[in-house]
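Structure first, commentary second.
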Amino acid sequence: MLKKILFFIIAIFMMQSNFINHDVYANGFYSYHHYFDNGNNTFIKCVDSEYNRNVRMENLIKKELDIPPSIMRKTDFYYNYIDLNNDGDNEIFVLVVGPYTSGSGGSTAFILEEKRHRLSIKQKFTLVNVPIVISESMTNGYRDIIVRNFGGGVKGRYIVLAYQDGAYTDVNSGYEITDLKDVSGVAILCDK
């Protein structure tokens with residue numbers, strides 16, 4: 001009975017929080033897809049992060065960042081699969097949140113790729129905050145990534161990371177846009 005009441009309260013909260021669509025999976029759990037108005041009377045679909053733990057991904061990033069075991073227990077990995085270059089193969093966008101990887105300016109993020117069952121780091125970013133919008137707009141064959149940047153003395157702004165010279169620009173080198181009014185795409189890691 002308590003579970004039913006809790007589910008009902010959560011459902012009402014989500015409906016009041018602009019959650020406007022949901023899918024029911026075979027196991028009976030609901031996956032809520034919410035949308036936010038990008039200021040142009042259109043909406044950007046938000047996708048929650050994957051819920052299955054990816055130990056291979058965590059170990060790769062732990063080794064790359066040399067995260068001590070005591071800090072690993074306080075570190076969370078949020079990720080989504082997304083095809084950034086429309087080649088039919090998904091990359092993995094990972095946001096690493098914890099005392100070793102996050103600060104007042106944001107958190108550390110990675111783009112990973114898997115080839116021949118081998119997971120590797122394609123790129124690392126710092127100063128990343130959500131929402132993270134994977135834009136329909138492309139630069140040099142890769143979808144632009146738009147991140148929110150604030151904290152550490154920086155006033156809130158959106159930064160476009162464009163693919164140039166074999167990699168995405170970093171947050172400090174990306175170009176600023178004032179809002180998401182003319183942006184179409186999908187926002188990832190929306191539950192973070």
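A few points about this structure:
- Computed packing ranks the peptides 182-190, 73-81, 53-61 as 182-190, 73-81, 53-61, most packed first, by mean other Cβ atoms within 10 Å.
- Label reach from residue 139 (point 7 Å along Cα→C-beta): in segment 164-183, amide nitrogens under 15 Å belong to 164-178.
- Gain upon complete extension [residue 122, residue 181; 0.36 nm per residue less C-alpha separation]: 18.3 nm
- Segment 48-183 - percent relative contact order, Cα under 8 Å, separation 6 or more: 15
- Taking the protein heavy atoms of segment 34-192 in the context of the full set of protein chains, the accessible area attributed to carbon and sulfur is 44 percent at 1.4 Å.
- Where 107, 173 fall by accessible area, highest first, once all protein chains stay in place (1.4 Å): 173, 107
The values are calculated or read from the model by the stated rules, or taken from the named source; none is laboratory data. As the structure is a computational prediction, the values presented were derived from the model and not from experiment. Ideal geometry is used to build each Cβ from the backbone, glycine not excepted, and the neighbour counts take in all protein chains shown. Ligands, DNA and RNA are excluded from the accessible area calculation, which covers all protein heavy atoms including side chains. Shrake-Rupley method; radii C 1.70, N 1.55, O 1.52, S 1.80 Å.
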